[in-house]
1. Could you figure out which of (1) under 20 Å from residue 238 (Cα atoms); (2) within 16 Å of the ligand (Cβ to nearest atom) isn't true of residue 199?
2. Failed condition for residue 124, given (1) more than 23 Å from residue 262 (Cβ to Cβ); (2) away from the ligand (no atom under 13 Å from the Cβ), with all others met?
3. Would you mind telling me which numbered condition in (1) under 17 Å from the mean Cα position of the chain (by Cα); (2) crowded, with 19+ Cβ neighbours inside 10 Å; (3) touching a residue at least 24 places away in the same chain (Cβ under 8 Å) residue 205 fails?
4. State whether one or more residues within the range 136-143 are assigned to a loop (DSSP other than H, G, I, E, B), without any contact (Cβ under 8 Å) to a residue 24 or more places away in the chain, away from the ligand (no atom under 15 Å from the Cβ) and open to solvent by 10 Å² or more (accessible area, probe 1.4 Å).
5. Taking the condition closer than 29 Å to residue 309 by Cα, without any contact (Cβ under 8 Å) to a residue 24 or more places away in the chain, polar (S, T, N, Q) and within 16 Å of the ligand (Cβ to nearest atom), does residue 186 pass?
6. Does residue 83 satisfy the condition of being on the phi > 0 side of the Ramachandran plot and more than 16 Å from the ligand (Cβ to nearest atom)?
Amino acid sequence: MAFERPDIIRPPSEHASYYLPLTSGCSNNSCTFCNFSFTNLGMRDLADVKREIDAMSLFMHSRMWLPGVDPIVYAILQQWDGRRVFLQDGDALVYPYPKLMEALQYLNVKFPALERIASYATPQDILRRSVDELKALKDQKLGILYMGVESGDDEVLRKIKKNVTHDQMVEAARKVKASGILLSATVILGLGGVAGSERHVTETARILTEMDPDYAGALTLTLVPGTELYKDVERGAFELITPFDSLRELKGLVENASFTNCFFSSMHASNYFAIRGTLPQDKEKILRQLNTLLARKDPRLLRPEYMRGL
Ligand code: SF4
């Protein structure tokens, strides 16, 4: 089947990157809340990837276009500063290791001044690689991996069909850190619903402490029509927490997780309120902000529902 170029879905911090697809969909396409669920994983031919890198190089060095290349390539290149590349899609680290290595080497040959390459990765993708393999990818400028942790609670992980446990995610994080690649972890407020909220917060704070990522981001659960979780909510099997309870969960994470040095934020568009800071230094400042919001309970201080996004 022909490889279909995926839509651009990327972490906020990759807004200035070139988006280079190696895969489409996600290898763990089962998570009950995710818009990647039940889309098959697609692998792009390495020759096709290299041709796109050739097109990138030709355009950036001499403003020439290669015939037959998707116009989106040039739309992205017009905005690109040549510094960073983000590998698409949902877990590009699943791309077979020798091919991934070759793609990164080729990028480095064509763009020797490239600063950083980034990718989403499932914990399973990371566990499949040895620390030496990850180090070799780092030598090719793979500088950061974005891992969706979602929750530290094994019960929530089982219910959302994440297919990985708390302990396996901690092991994956330790491998990334041992390789010297930066680790960014995201968790999802509200994923335990009303019934599982307390345990979701406690266990998620625990996993963040154990993983000790360089970056941690909190998202807020946003229902995607057609997903299993959406149907669970419709039939009353899952009760969503309120916006202010999502802030209470956020406060619980900031209060209970311990980090060595982590940029922690809730700036993603799904959140009702954005906080940001470096932990532990900014812990008290962030908690003061959240305490004020929770005391006032003024909905006008929250991002309106219609402005929330995935
Ligand atoms: S692993 Fe991530 S991208 Fe893949 S289905 Fe689950 S939440 Fe979605």
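1. (2)
2. (2)
3. Condition (1) is where residue 205 drops out.
4. no
5. Details: closer than 29 Å to residue 309 by Cα: yes; without any contact (Cβ under 8 Å) to a residue 24 or more places away in the chain: no; polar (S, T, N, Q): yes; within 16 Å of the ligand (Cβ to nearest atom): yes.
For residue 186, the condition - closer than 29 Å to residue 309 by Cα, without any contact (Cβ under 8 Å) to a residue 24 or more places away in the chain, polar (S, T, N, Q) and within 16 Å of the ligand (Cβ to nearest atom) - is not met.
6. In short, no.
Conditions (1) within 16 Å of the ligand (Cβ to nearest atom); (2) exposed (fewer than 15 other Cβ atoms within 10 Å of the Cβ); (3) on the phi > 0 side of the Ramachandran plot; (4) modelled with pLDDT under 95, marked per residue:
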{"position": "16", "(1), (2), (3), (4)": "no, yes, no, no"}
{"position": "73", "(1), (2), (3), (4)": "no, no, no, no"}
{"position": "78", "(1), (2), (3), (4)": "no, yes, no, no"}
{"position": "88", "(1), (2), (3), (4)": "yes, no, no, no"}
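Each row is one residue, and each column tells you yes or no for (1) touching a Cys at 6+ places or on another chain (Cβ under 6 Å); (2) open to solvent by less than 10 Å² (accessible area, probe 1.4 Å); (3) assigned to a strand (DSSP E or B); (4) modelled with pLDDT of 95 or more.
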| site | (1), (2), (3), (4) |
| --- | --- |
| 178 | no, no, no, yes |
| 184 | no, no, yes, yes |
| 225 | no, no, no, no |
| 232 | no, no, no, yes |
| 237 | no, no, no, yes |
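The values are calculated or read from the model by the stated rules, or taken from the named source; none is laboratory data. Computed from a predicted model, the values in this text were never measured in an experiment. With ideal geometry, Cβ positions are generated from the backbone for all residues, glycine too; neighbour counts draw on all protein chains shown. Accessible surface areas use protein heavy atoms only, side chains included; no ligands, DNA or RNA. Shrake-Rupley method; radii C 1.70, N 1.55, O 1.52, S 1.80 Å.
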